[in-house]
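FYI, it's all coordinate maths here, none of it is from the lab. Because the structure is predicted, anything quoted here is derived from the model rather than measured. Neighbour counts run over all protein chains shown; Cβ positions are idealised from the backbone, glycine included.
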């Protein structure tokens, strides 16, 4: 078994959480102590390590890890902020939904100069699909402490 565990309490531009990292660490402890998963089979990203770039690279690392054989079980666990955003205009030609679901990386911000975007559900889906194509579809995901931050149209974060 292999795992990617992400827990974020301390966001750069969003309300801080108090239990997400504890949930993620409890999941890691469960995998190690109960399921006897070796520590080197578990990738973790906590707080400031859980940037947008690092999260995407961690998914790609699962896909590319030569230790993981086709059919090995893979667990992906996320505890942190999530949200809903309006569907980008470029997506509406084929998907008329009005909202998309997303995960918020630790470094999320919507500044005009150097924005760090949320990770949309379509991106997560594509990353998981890429893992499944190489490693098989024995993948389980869990989302804990996913808090909808939509108040109509905007994610509630401070800038």
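Test of understanding: ordering 34, 140 by Cβ neighbours within 10 Å, fewest first, what list do you get?
On the way: 34 8, 140 11.
By the 10 Å Cβ count, ascending: 34, 140.
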Completion exercise
Shape call for region 2-147, from the Cα gyration tensor axes a ≥ b ≥ c (a/c under 1.5 means rounded, otherwise prolate when a/b beats b/c, else oblate), comes out oblate
